[in-house]
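Contents: one structure, followed by commentary.
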């Protein structure tokens, strides 16, 4: 790291003006989770039944499918950010840290895609005989 | 940051005892990562089973309503409310409030009590409706 010029002094110390982004996104998605997961719990408790047909017919309703998709995005975004912090704290080996963040991204994006796809399939095809 | 052994360390860093705020902080991380793995996978399994069809859904229900399944679901419920109330505490702390020792201690205890209480209420409601 140089110390002659301004850029030389800050190089390698992290990105400029992006430091708060992770922190803010963690809070935005926390509020999203707060509202959407409470909605899911309340809905599950008040549904007439949790059998296959009741659940599929309920999710197929656009007013349920859309918030459910938003919930999946909010949950997996939030857990990706949170688990990243945990890994950064405990995985000290550089190579292992890279590999664990890679796996975390595969996990978060893969599961989020599976969740959104499942909701879409239920919404578009309904009850399967 | 590289730390050389020749530099002095603050002696107080190794002298501490358990306190509610510390327990809450650790529980926040533990419950968060529990929800991120067990909770998230359970949720996606439930949605995928419903998307695949009646047989896959029946398999999910059989696992979920086994004694172990109930144990996991009750655990997830507690972890969710613990993380939720602890998260609300973090929002207050983010605003720069609630750092006074007594206030911080009482809110930390309130978080644990609230999460256990709400979990109990939710499951009493579920079992009350089922049996």
For chain B: relative contact order, % (alpha-carbon pairs under 8 angstrom, 6 or more apart): 31 percent
Quick one: divide the alpha-carbon radius of gyration of the protein assembly as shown by 2.2 N^0.38 Å and tell me what you get. 1.21
Among B:65-75, A:77-87, B:49-59, how do they line up by average Cβ neighbours within 10 Å per residue, starting with the highest? A:77-87, B:49-59, B:65-75
Using a 10 Å cut-off on Cβ atoms, rank the peptides A:8-16, B:105-113, A:108-116 from the highest mean neighbour count down. A:108-116, B:105-113, A:8-16
Pairwise FRET efficiency - residue B:66 versus residue B:116, Cβ, R0 = 22 Å, nearest 0.05: 0.40
With the 8 Å Cα cutoff and a minimum separation of six or more residues, the stretch A:19-125 has a relative contact order in percent of 36 percent
R0 of 45 Å, Cβ-Cβ distance residue B:97-residue A:105: FRET efficiency to nearest 0.05: 0.80
With T = 4 °C, eta = 1.567 mPa s and Kirkwood Rh from C-alpha pairs, the Stokes-Einstein D of chain B in µm²/s is about 73 µm²/s
Residue span residue B:55 to residue B:74: 0.36 nm per residue of separation minus Cα-Cα distance leaves a gain in nm of 4.4 nm
Across all directions of projection, what mean area in square nanometres is found for the Cα convex hull of chain A? 11.0 nm²
Based on the Cβ-Cβ distance from residue B:123 to residue B:12, what FRET efficiency comes out when R0 is 51 Å, to the nearest 0.05? 0.75
Alpha-carbon centroid distance for the pair the stretch B:107-121 / the stretch A:1-54, whole angstrom: 24 Å
Average other protein chain Cβ within 10 Å of Cβ, residues B:39-46: 6
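Here, each number is a calculation from the coordinates, and none is a lab measurement. Just so you know, these numbers come straight off a predicted model, no measurement behind them. When we count neighbours, we look across all protein chains shown, and the Cβ atoms used for this are built from the backbone with ideal geometry, even at glycine.
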